[in-house]
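To start, the structure itself, in structure tokens.
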Amino acid sequence: MYFTDDSLFPENMQPLIITAAPYGPEWLPGDVDELPLTWDQQVQAAVDCYNAGATMLHVHLRDPKTGQGSSNFDEYNYLLTRLREAVPKMILQVGGSISFAPHTAEAKAKWLDYDTRHMLTELDPKPDCVTVTTGTTLWDVTQAFIPGDAKGTHLDDPKVQAAWADMVVDSTSKFYIEHLKRLRAHRIQPYFVPGHVHQLEIIERLIRGGIYMGPMNVALCGYGGGSMGRNPFDWMEMLRRTPHGASSVTFWSSMRGNIAIQNLAIILGAHVRVGNEDNLWDARRQRWSTVKQIEWAVKMSEQFGRKVATADEARKMMKIGVWYDTVEETLFSLGLPPNRPEGYTGFLTYATDGRLPKAAHSKTSPVSVL
């Protein structure tokens, strides 16, 4: 991102997009008071989050019969149908991990195989976005926990925490290249989630190589244990390396560290994600529901002087339903330098005749609500 002299003035920032993550796939019933279990509860959680000010929903699925995370695609379709009816304007972003959480000492934290994850591109009704990882990495979200973070939950058991220690996000080029192709074919936008700067570099290479051509919505992820941690210098470097024409940049982190990280996002002009998937505690170490976390984000943004986005504004900013047809159009729209022409030396810039350039016409999907 590129910051000018007036970039930190809230009136010059995009309205704040608040993502809600209320389904907490790592938790079991009893761990979190408001953990949605039945179908009605899972739908009502979305309604409550939307009414509190969230305009994007991070969707995971829980089997009401077992209380466990589910990878049943018929049930995914059922939940998405009900969510479309209950919160028609909310941006639905399906988590790409599907089902990975270990709930016993014997279980392993493991993402499902590539073929199963590719099935997310065939969901009906279509979500607006699906999480896409770029690069295999350790992703132990419990490693940065401090004493008390898991108090009152089944994760307070050291043996269960140990089951998370080896969780690897399996995302080689065989996965993400094919997944991006299938998402485009089904007109579902990727939601990129790099855990460190080298995964951000992979995304740029995919764009420069024409594998992905479209707007860039990205979450910078800092959970520790393989992704970046809570060092603000790492966050600033990730933000600096993110194309300043990206449609949206959201910060993801965990537990009480997320309070500081989301404050940072608000004042830097980025967007926020809150909810029990990431954090259970307020600043005073009291239990904190997802809705209360959303209300806090709304209050903090308004106190800073930054408007909170409506659902229509969020869709427009994220360019939901928009696609590009060429590498050149994508690079220009994202504020990235062009690819190097043959024989060209030196730093890369766009040729100009002295007039302001105009971006190529964007292609909008027929299913776009805009």
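The values are calculated or read from the model by the stated rules, or taken from the named source; none is laboratory data. From a predicted model like this one, the values you see are computed outputs, not experimental measurements. Note that we place each Cβ from the backbone using ideal geometry, even for glycine, and neighbour counts take in every protein chain shown. For accessibility, only protein heavy atoms count, side chains too; no ligands or nucleic acids. Shrake-Rupley method; radii C 1.70, N 1.55, O 1.52, S 1.80 Å.
For segment 155-301, take the convex hull of the Cα atoms, compute a quarter of its surface area, and give me that in nm², please.
On the way: hull surface 40.4 nm².
Result: 10.1 nm².
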The answer for the net charge of residues other than residue 309 whose Cβ lies under 14 angstrom from its Cβ, with Lys and Arg +1 and Asp and Glu -1, is +4
The long-range amide H neighbours of residue 59, using H built 1.01 Å from N in the peptide plane and a cut-off of under 5 Å, are 93, 94, 95
Per residue, the convex hull enclosing the alpha carbons of segment 251-364 has a volume in Å³ of 176 Å³
Between residue 308 and residues 5 or more places away or on another chain, the pairs with built amide H atoms under 5 Å apart involve 16
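Expected output is a single nm value to one decimal: the length gained when fully extending between residue 185 and residue 201, i.e. 0.36 nm times separation in residues minus the C-alpha distance. What is it? Intermediate values should be presented prior to the final figure.
Working: separation 16, 0.36 × 16 = 5.76 nm, distance 2.40 nm.
Difference between extended and current length: 3.4 nm.
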Note to self: with every protein chain in place and a 1.4 Å probe, the chain gives an accessible area per residue in Å² of 44 Å²
Listed by chain and number, the aspartates and glutamates with an alpha carbon less than 19 angstrom from that of residue 151, same-chain partners under 8 positions apart left out, are 26, 31, 33, 34, 140, 277, 278, 282
Restricting to aspartates and glutamates and to Cα separations under 16 Å from residue 174, and discarding same-chain partners fewer than 8 apart, the set is 113, 115
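Quick one: which of 65/159; 292/319; 65/181; 65/307; 159/181 span more than 31 angstrom between C-alpha atoms?
Check vs 31 Å cut-off fails for 65/181; 65/307; 159/181.
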Relative contact order in percent for the chain (Cα pairs under 8 Å, 6+ apart) equals 21 percent
So the pair-distance distribution of the chain, from every Cα-Cα distance in 20 Å bins, comes to percents of 29, 61, 10, 0
With Cα springs under 10 Å, the Gaussian network model of the chain assigns the largest mean-square fluctuation among 338, 25, 15 to 338
The aspartates and glutamates whose Cα lies under 14 Å from the Cα of residue 89, excluding any fewer than 8 residues away in the same chain, are 48, 128, 312, 313
Taking only the Cα positions of segment 202-250, the convex hull volume per residue in Å³ is 80 Å³
Expected unfolding gain across residue 81-residue 237 under the 0.36 nm per residue rule, minus the alpha-carbon gap, is 52.2 nm
